[in-house]
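First the structure, in the form of structure tokens, and then the observations on it.
The values are calculated or read from the model by the stated rules, or taken from the named source; none is laboratory data. If you're wondering where the values come from, they're calculated on a predicted model, not measured in any experiment. Because the Cβ atoms are built from the backbone with ideal geometry, glycine has one as well, and the counts that use them run over all protein chains shown. When the accessible area is computed, the model is the full protein with side chains, heavy atoms only, and any ligands, DNA or RNA have been set aside. Shrake-Rupley method; radii C 1.70, N 1.55, O 1.52, S 1.80 Å.
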Amino acid sequence: MRYTRTLVGNTAVVTYLQKTAKNGIVPRAQLWVGPDHIGKTTFLINHLFQTWCDKQSACQRCPTCIRLKHDSHSGLRWLDGADVDMDTIRAVIRESAETNFTTAKRAIVIEAAEQLSLQVCNALLKVLEEPRGTVILYLLTTSLETLPATLVSRCSLLRFHPVPDAELIAAWPEHAAIVPWCYGRPGLVPTLRLHELERWSTVLQTSPVERLTGIGELKRPEALRQLEQLEIAVHRQLLTNPTDSVWAL
């Protein structure tokens, strides 16, 4: 995992996390909600370094920080919701019930929690209803709509909001021209390319055949990144000119 010393935006979340760490009252189940690229993963990694560090300072030098950097900390289980099946969740439940003498800090993180099946969500309730030791469950999601109300109600909710353009420009002045395309999502600022966004915006104005030809010419691994640029271009066009943009889809 890569520690980011300076976080951008959502200062209310930072304040809340600092407060819970200071007073020692940390919710055993936390649901972090916000759009993709808003900073949920970055904030959580930062939080783990800050609170798990042997010196409580994210020193990057102590044994705990080194294990976190190399994704080898025995107390941390980091999962992608799209890959979590019942066998995986049973293993997680079993681990949460075991006594771990090698570390006092333990956490289960599930990204893209909106992709969890109903069966898996119901199984997770077992972890929440029978908390063991110091295990903390973090669910990161873009939406609450697909998660069962029973699961949501048992979690402490942290909402991430779009960051004002002025804050993004202050953090990345060299990418000021990209900021209007990001719609408040810090994670997009260093990754988008203005010339590619402008090219896709032009492609969206062409005929359906030309658009399909342009997309069909994409090749992996460049294709996935380019498709993300295309998604941003479509999103911007829908917001700026919704009537014409329908035809771009």
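Some notes on this structure:
- Fully extended contour minus Cα-Cα distance, from ARG94 to GLU145, at 0.36 nm per residue: 15.6 nm
- Carbon + sulfur, % of accessible area of region 32-156 - ligands and nucleic acids excluded, 1.4 Å: 49
- Set of lysines with alpha-carbon distance to LYS40 below 26 Å, sequence-local pairs under 8 removed: LYS19, LYS22, LYS55, LYS69, LYS105, LYS126
- Extension gain for HIS70-LEU118 works out to 14.0 nm (0.36 nm per residue, less the C-alpha to C-alpha distance).
- The order of TYR3, TYR16 by accessible area, most exposed first and with a 1.4 Å probe, is TYR16, TYR3.
- Global geometry of region 1-159, whether rounded, prolate or oblate, following the gyration tensor of its Cα atoms and the 1.5 cut on a/c: oblate
- Potential lengthening between THR15 and ASP36 on full extension [0.36 nm per residue; Cα-Cα distance subtracted]: 5.4 nm
- Gyration tensor verdict on region 1-82 (Cα atoms; rounded if a/c is under 1.5, prolate if a/b is larger than b/c, oblate otherwise): rounded
- Under 14 Å, Cβ to Cβ, from PRO173 - net charge with Lys/Arg +1 and Asp/Glu -1: -3
- Entry note, region 1-111: relative contact order of 23 percent, from Cα contacts under 8 Å with a spacing of 6+ residues.
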